[in-house]
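The values are calculated or read from the model by the stated rules, or taken from the named source; none is laboratory data. Everything numeric in this text was worked out from a predicted model, so none of it was measured. With ideal geometry, Cβ positions are generated from the backbone for all residues, glycine too; neighbour counts draw on all protein chains shown.
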Protein chains: 4
Amino acid sequence: MTRLLGAGALAAGIMWCASSVGPAAAQTSPTSGGPVDAAIIEDLVAAGRILADQGVLDAFGHVSIRHPANPNRYLLSRNLAPALVTAEDIIEYDLDSNPVNANGRSGFLERFIHGEIYKARPDVKAAVHSHSPAVIPFGISQMPMRATYHMAGFLVAGVPVFEIRNAGGMTNMPGNMLVRNGALGKALAETLGDKPVALMRGHGNVVVGPNVQIAVYRAVYTEINARLQTIAIAMGGPLNFLEKEEGEHIDQAIQSQIARPWALWKQKVMGSK
Amino acid sequence: MTRLLGAGALAAGIMWCASSVGPAAAQTSPTSGGPVDAAIIEDLVAAGRILADQGVLDAFGHVSIRHPANPNRYLLSRNLAPALVTAEDIIEYDLDSNPVNANGRSGFLERFIHGEIYKARPDVKAAVHSHSPAVIPFGISQMPMRATYHMAGFLVAGVPVFEIRNAGGMTNMPGNMLVRNGALGKALAETLGDKPVALMRGHGNVVVGPNVQIAVYRAVYTEINARLQTIAIAMGGPLNFLEKEEGEHIDQAIQSQIARPWALWKQKVMGSK
Amino acid sequence: MTRLLGAGALAAGIMWCASSVGPAAAQTSPTSGGPVDAAIIEDLVAAGRILADQGVLDAFGHVSIRHPANPNRYLLSRNLAPALVTAEDIIEYDLDSNPVNANGRSGFLERFIHGEIYKARPDVKAAVHSHSPAVIPFGISQMPMRATYHMAGFLVAGVPVFEIRNAGGMTNMPGNMLVRNGALGKALAETLGDKPVALMRGHGNVVVGPNVQIAVYRAVYTEINARLQTIAIAMGGPLNFLEKEEGEHIDQAIQSQIARPWALWKQKVMGSK
Amino acid sequence: MTRLLGAGALAAGIMWCASSVGPAAAQTSPTSGGPVDAAIIEDLVAAGRILADQGVLDAFGHVSIRHPANPNRYLLSRNLAPALVTAEDIIEYDLDSNPVNANGRSGFLERFIHGEIYKARPDVKAAVHSHSPAVIPFGISQMPMRATYHMAGFLVAGVPVFEIRNAGGMTNMPGNMLVRNGALGKALAETLGDKPVALMRGHGNVVVGPNVQIAVYRAVYTEINARLQTIAIAMGGPLNFLEKEEGEHIDQAIQSQIARPWALWKQKVMGSK
């Protein structure tokens, strides 16, 4: 059932967000970073369901965490809608996005987004890739995203826009908008730089954080901020966005209070436990 | 209970989206294309419920599939809100939209939309007619729909607008906006051409696909794209829509990945099975 | 518990949408139009719940029907949020909005909206008063409501706006926006004229129909049309609204098909029966 | 577990909306205003859940009531998302926002909003602080909030905007947007003046009322009014907002009818009781 992910399959142009990721023989798999506590996996599963429940993810998009014991591994579900993921669907990858334990399960073609960001950003422990709807218009217009209120203070760092038409010159597939290999993932990570959020033109965005709760929080409030900024733009006149100092301060503050929204959101999607 | 659908009944102007479709005598019914697998019918039933759940269909509108064994037949529910349809409500039609097995059940007056598209487009295996709300404004303005993001890449083919005022010259009912006969269905199919989507001015749209999953997917993302393009327009300035090559590429890619959204959407409306 | 609704109580300015409506002595009550079939009452109860479920009514607003046996009586719930109403909460009124059978139950102060419309419009058998949110902006701007699509074809009749500041000259309570007596109800009915919908500036709207299903349908699609027209306006450029002939034709057609949305909406709020 | 809330902890800049509020020794706690009826606590708990259910509160924000027996005490939940609060989570505070009975439970850092408003406004018996989304754009633009319809008549009093950049001059933490001490709470109360609502630039708003039902009502309709005013602005042209006299009259009227929405909203979040 497993098969090698070859250049030919990619060039066929019919691969999109998933591909069988298991190598042909077990001995070529990267070594595992070790067992991961069930509570950590549960939070990763919850993260995807929360993002679906909050309208950030639809059937597509994905959330990952860096392996807690080995910074050169990360954890990401197999090719499945986030709302349907359970602990059994989590696959471990190395930072080149080779699976450790695919066991025939197919993975996301765009997993390179995660691997390359973990390479470039040692501070990042969790990443979200979504097609967060209200954010899309900012990616195709000249309007930069700004921090409309303190809940999105992290946006004062600036929100760069990734244009795959430029980065895509590295491949032989003009017109393919997917981050389907390490080179494109690296280009995206370079656009992200040291920021928490980068938009992807005509596609979606990536959001990162020092843990999965904060990455989820930022993905949710990137979406809400987009809605509110859109409304504010329609009002016209000068708009009074957060100053850099204000955003940096409140981002720190929120990191200390993340348990509050997490408790609410997790209970909603995982039940009363 | 059954009665002939005569020109007189149409001219009375009180017929809209439903009419009794059973011919007076059984021997005048077209022959059946043969039995259809229950799983295929289940997906057709699910399609209507998914489109209602996703806000594309309200109590009106309908989704059909071409008969899997006979390309000259199609399957469509009786006159009922899509969210309430079960397998027992599916009727088989020939491409002139005569029922094979109405058994006194009334059908949609606008079923000619489906029959005429199946005639004109051998590649089409499923069709959706909806009043998808966010799309309506594009049908009455001069603003063409464009592909705002890769999820709606299929829109790069262009989105024509059907004006029944022009086509309506073929009938004796000026002001009647319904696609209530074969001639109007044919005119709509001509406007659609080889595209996946056509708008109907002041009415709704039609979406087609090579199978029911892809037709449903396209109907959902036509609605979402309309919302996002509307927001982008309000931002002003030049907007960076998908290039033709990008849209064509990603449309192919999504066709290979359709199982992912279908699994999520179907579970939501059909339960855990 | 019951008390007379005197001018003094009104002048106190603390009455709004409800007041105790029972006359002091039973012998002053109007005579009843006779018993009403339980299925008709059930549909009236369902109407309020449907309008709440569809976002037309919040905790306020009300829906009434003309008495099926006596055109000089109408039926309206006691002072209660429509989503909470049951058959036991329905009160019968004469067209001056005196209760037949209040039995100490308080009624809506604005019931005069219903009574005066039934007086002025023999064709009307059901009426809805709501604060339907998307419609409010049309009532306070210079922008007339237009029929954006065929589902709201009934709007081609024109949508007048009631300005109580003009009609309020009849009272001693300047600034009171409520239709709290027969004179104001009559003025509103005059603004409505022979139309299906009238807006009330800074307040809401009234919608009428030849039966409760059509009145509910029109109230729902007045709200949706307002949303879609608002979006279309934001697109700019000439907009292609329905022609009068188109709207009149489709309104007739929908009246013949009202069972379809009613079945869906009623099942959603009243359960599987 | 309890610790003193010192200036050092604040200056560390990692405190946001919560802090451990228990004083080190029991003898320094303020005295209690006395036991509070369980029905009153239940309504306070319901208030938070209603505001979450109505989209005014997310995981953040809070609602308080003045102590019914002692005007120098108020009641507010511990640091928890409002939708998760139960009666056991309510803490009593004096008007300097020192807890009477924290017992190690941490409180909201921004509780000073409540304490200082209760000091400045003897008429206020309940207060809501939220990040009510549709209101945010008004706080960062030059567009004043106006009463769009009678449901928000209370807004005719005018809606001032609090700019913490000015008030923050009182502290040593430039860029900190939180109302984290009595001086900032006092400055906010001064901006509020005798009004029912004040916006907080880039942050949210405060809403007050003579009881918890009316404060909740006003918070809900401040949010809805913001949505409707935004739509009306987009229509352009002169807009016909409520006159002062109209708003004052209807605000009085609604205060007499508050049981109607409260019954609906409370049943929805607290069950059938």
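Checking segment C:140-163 against the condition returns no match, with no residue being touching a residue at least 60 places away in the same chain (Cβ under 8 Å) and more than 30 Å from residue B:138 (Cα to Cα). Residue A:157 meets the conditions (1) at pLDDT 95 or above; (2) within 11 Å of chain B (Cβ to nearest Cβ) in every case but one. The failed one is (2). The test for being more than 16 Å from the chain's Cα centre (by Cα) and part of a helix (DSSP H, G or I) does not hold for residue A:50. Which residue, of C:70, C:79, is in contact with a Ser or Thr (Cβ under 6 Å, 6 or more places away or on another chain) and among the polar types (S, T, N, Q)? Criteria check complete, one pass: C:79. For segment C:102-140: of the residues being more than 10 Å from the chain's Cα centre (by Cα), among the aliphatic types (A, V, I, L, M) and farther than 25 Å from residue D:253 by Cβ, which is surrounded by the most Cβ atoms within 10 Å (Cβ to Cβ)? Within segment C:102-140, the match that is surrounded by the most Cβ atoms within 10 Å (Cβ to Cβ) is C:124.
Would you mind finding the one in C:207, C:197, C:212, C:216 that is within 22 Å of residue C:54 (Cα to Cα) and within 14 Å of chain B (Cβ to nearest Cβ)? Selected residue: C:216, the only one of C:207, C:197, C:212, C:216 that is within 22 Å of residue C:54 (Cα to Cα) and within 14 Å of chain B (Cβ to nearest Cβ).
The rows are residues; the columns are (1) at pLDDT 95 or above; (2) among the basic types (Lys, Arg).
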site: C:205; (1), (2): yes, no
site: C:208; (1), (2): yes, no
site: C:215; (1), (2): yes, no
site: C:220; (1), (2): yes, no
site: C:260; (1), (2): yes, yes
site: C:273; (1), (2): no, yes
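Against the definition (part of a helix (DSSP H, G or I), more than 9 Å from chain C (Cβ to nearest Cβ), of a type in the set (Lys, Arg) and within 30 Å of residue C:201 (Cβ to Cβ)), how does residue D:260 come out, yes or no? So residue D:260 does not fit the description; no. Filtering A:173, A:177 for residues that are buried (at least 24 other Cβ atoms within 10 Å of the Cβ) and part of a loop (DSSP other than H, G, I, E, B) leaves a single hit, A:177.
Just to be sure before I move on: is residue B:75 modelled with pLDDT under 95 and of a type outside the set (Asp, Glu) in the structure I sent? So residue B:75 fails the test. Is it the case that residue A:75 is without any contact (Cβ under 8 Å) to a residue 24 or more places away in the chain and either small (Gly, Ala, Ser) or not in a helix (DSSP H, G or I) (or both)? Criteria not met by residue A:75. Among the conditions (1) modelled with pLDDT under 95; (2) assigned to a strand (DSSP E or B), residue C:58 misses just one, which is (2). With respect to being modelled with pLDDT under 95, under 30 Å from residue D:227 (Cα atoms) and within 14 Å of another protein chain (Cβ to nearest Cβ), residue C:53 falls outside the description.
With respect to the conditions (1) buried (at least 21 other Cβ atoms within 10 Å of the Cβ); (2) outside any loop (DSSP other than H, G, I, E, B), residue D:145 falls short on a single one, namely (2).
Taken together, the residues in segment A:236-247 that are within 7 Å of chain D (Cβ to nearest Cβ), outside any loop (DSSP other than H, G, I, E, B) and surrounded by fewer than 22 Cβ atoms within 10 Å (Cβ to Cβ) amount to 1. Would you check if there is a residue in segment C:106-123 being more than 17 Å from residue C:203 (Cβ to Cβ), in contact with a Lys or Arg (Cβ under 6 Å, 6 or more places away or on another chain), in contact (Cβ under 8 Å) with a residue 60 or more places away in the chain and of a type in the set (A, V, I, L, M, F, W, C)? Within segment C:106-123 (the criterion being more than 17 Å from residue C:203 (Cβ to Cβ), in contact with a Lys or Arg (Cβ under 6 Å, 6 or more places away or on another chain), in contact (Cβ under 8 Å) with a residue 60 or more places away in the chain and of a type in the set (A, V, I, L, M, F, W, C)), the answer is no, since none of the residues qualifies.
The rows are residues; the columns are (1) at pLDDT 95 or above; (2) more than 30 Å from residue C:234 (Cβ to Cβ); (3) more than 12 Å from every other protein chain (Cβ to nearest Cβ).
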{"position": "D:174", "(1), (2), (3)": "no, yes, no"}
{"position": "D:188", "(1), (2), (3)": "yes, yes, yes"}
{"position": "D:223", "(1), (2), (3)": "yes, no, no"}
{"position": "D:231", "(1), (2), (3)": "yes, no, no"}
{"position": "D:234", "(1), (2), (3)": "no, no, no"}
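Would you mind finding the one in D:167, D:152 that is closer than 22 Å to residue A:239 by Cα, away from chain A (no Cβ under 12 Å) and of a type in the set (A, V, I, L, M)? Sole residue among the options that is closer than 22 Å to residue A:239 by Cα, away from chain A (no Cβ under 12 Å) and of a type in the set (A, V, I, L, M): D:167.
Looking at segment A:25-34, can you tell me whether even one residue there is within 14 Å of chain B (Cβ to nearest Cβ), hydroxyl-bearing (Ser, Thr, Tyr), farther than 21 Å from residue A:202 by Cα and surrounded by fewer than 22 Cβ atoms within 10 Å (Cβ to Cβ)? No, the conditions are met nowhere in segment A:25-34. Scanning segment A:93-136 for residues that are aliphatic (A, V, I, L, M) and either over 20 Å from residue A:183 (Cα atoms) or assigned to a loop (DSSP other than H, G, I, E, B) (or both) returns A:95, A:100, A:102, A:124, A:126, A:134, A:135, A:136. Annotation note: Cβ proximity below 8 Å between a residue of segment A:28-54 that is more than 27 Å from residue B:260 (Cα to Cα) and a residue that is β-branched (Val, Ile, Thr) (sequence gap 6+ or interchain) occurs for A:30/A:100; A:31/A:100; A:32/A:100; A:33/A:100.
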